[in-house]
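*Asks:* Let me give you the structure first, and then I'll get to my questions.
The values are calculated or read from the model by the stated rules, or taken from the named source; none is laboratory data. As the structure is a prediction and not an experimental result, all values here were calculated from the model. Cβ placement follows ideal geometry from the backbone for every residue including glycine, while neighbour counts extend to all protein chains displayed. To get the accessible areas, we keep the full protein, side chains included, count just its heavy atoms, and leave off ligands, DNA and RNA. Shrake-Rupley method; radii C 1.70, N 1.55, O 1.52, S 1.80 Å.
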Amino acid sequence: MNILHINNYHFPLGGADAIYLKTAQLLESYGHRSVFWAMQHPKNLPCETSEFFMPYEDFNVGHNLIAQIKLAGRILYSIEARKRLSGLLDKSPVD
């Protein structure tokens with residue numbers, strides 16, 4: 001099977017990220033193919049689908065009110081994310 005894994009980061013930053021990567025590794029050991037989608041980040045592990053990753057956004061940095069409103073809107077729905085994920089799925093169909 002081709003399995004899509006989605007996470008904020010494509011490197012082991014915390015527990016969720018480690019589980020994301022370990023789950024993919026476990027499934028690959030059983031012959032499945034992992035397809036990844038995350039945010040671009042300098043610490044990301046090499047990945048053949050990184051061209052489709054979303055640009056990095058630091059959610060911990062203080063933003064002015066207008067920037068916070070825009071960020072909230074992108075968190076709820078992102079046309080760019082839809083386009084990038086659609087491009088990824090066109091290139092690497094998943095089950």
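*Asks:* Within the chain, what whole-number % of the accessible surface is contributed by carbon and sulfur, with the 1.4 Å probe and all protein chains included in the calculation?
*Replies:* Accessible surface attributable to carbon and sulfur in the chain totals 60 percent.
*Asks:* Among (i) -0.43, -1.55; (ii) -0.63, -1.12; (iii) -0.50, -1.41, find the value of log10 I(q)/I(0) by the Debye sum over Cα atoms at q = 0.13, 0.26 Å⁻¹ that was calculated from the structure presented, and write down its label.
*Replies:* (iii)
*Asks:* Which value, in Å² rounded to 10, gives the accessible area of His41 with a 1.4 Å probe and all protein chains present?
*Replies:* 40 Å²
*Asks:* As a test of reading the structure, rank Asp17, Asp90, Asp58 by solvent-accessible area (1.4 Å probe, protein chains only), most first.
*Replies:* Asp90, Asp58, Asp17
*Asks:* Next question, about the same structure. Less than 20 Å apart at the alpha-carbon level, and either on another chain or at least 8 residues along: which lysines does that give for Lys43?
*Replies:* Once the sequence-local lysines are set aside, what remains near Lys43 is Lys22.
*Asks:* What are the ³J(HN,Hα) values, in whole Hz, obtained from phi via the Karplus relation 6.51 cos²θ - 1.76 cosθ + 1.60 with θ = phi - 60°, for each residue of region 46-54 in sequence order, with x given for Gly and Pro?
*Replies:* Result, ordered by residue: x, 8, 6, 9, 5, 4, 9, 5, 6 Hz.
*Asks:* What are the lysines whose alpha-carbon lies under 16 Å from the alpha-carbon of Lys91, with same-chain residues fewer than 8 places away excluded?
*Replies:* Lys83
*Asks:* A further question follows. Running a GNM on the chain with Cα contacts under 10 Å, which residue among Gln25, Gln68, Gln40 ends up with the highest mean-square fluctuation?
*Replies:* Checking each option, the largest mean-square fluctuation is seen for Gln68.
*Asks:* Still on this structure, I have one more. Given the protein chains as shown and a 1.4 Å probe, how many square angstrom of Ile75 are accessible, to the nearest 10?
*Replies:* 110 Å²
*Asks:* Report, by chain and number, residues whose modeled amide H sits under 5 Å from the one on Leu13, excluding near sequence neighbours (fewer than 5 apart, same chain).
*Replies:* Ala18
*Asks:* So what is the 222 nm mean residue ellipticity for the chain from helices alone, if each DSSP H run of at least 4 adds -39500 (n - 2.57) and you divide by all residues, rounding to the nearest 500 deg cm²/dmol?
*Replies:* Result for the chain, helices only: -13500 deg cm²/dmol.
*Asks:* For the chain, build the charge dipole from Cβ charges (+1 Lys, Arg; -1 Asp, Glu) around the Cα centre, then report which of Ser29, Met1, Gly14 sits farthest towards its positive end.
*Replies:* Sorting the options by dipole projection puts first Gly14.
*Asks:* So which trypsin sites (Lys or Arg not before Pro) in the chain pass both tests, a DSSP loop state and at most 16 other Cβ atoms within 10 Å of the Cβ?
*Replies:* Passing sites in the chain are Lys43.
*Asks:* Here is a further query. With a ≥ b ≥ c taken as the square roots of the eigenvalues of the C-alpha gyration tensor of region 1-55, please select rounded if a/c is under 1.5 and otherwise prolate if a/b is larger than b/c or oblate if it is not?
*Replies:* Cα axes put region 1-55 in the oblate bin.
*Asks:* Taking amide H atoms as placed 1.01 Å from N in the peptide plane, list the residues 5 or more away in sequence, or in a different chain, whose amide H sits under 5 Å from that of Val35.
*Replies:* Hits under the 5 Å cutoff: Ile3, Leu4, His5.
*Asks:* How large is ³J(HN,Hα), in whole Hz, for each residue of region 79-95 in order, when computed from phi with the Karplus curve 6.51 cos²θ - 1.76 cosθ + 1.60 and θ = phi - 60°, using x for Gly and Pro?
*Replies:* Using θ = phi - 60°, the values come out as 5, 4, 4, 4, 5, 5, 5, 4, x, 4, 5, 5, 7, 10, x, 10, 8 Hz.
*Asks:* If I fit a long axis through the Cα atoms of helix 65-76 and take the longest principal axis of the Cα atoms of the chain, what angle between them do I get, 0 to 90°, rounded to 10?
*Replies:* Long axis of 65-76 versus the principal axis of the chain: about 30 degrees.
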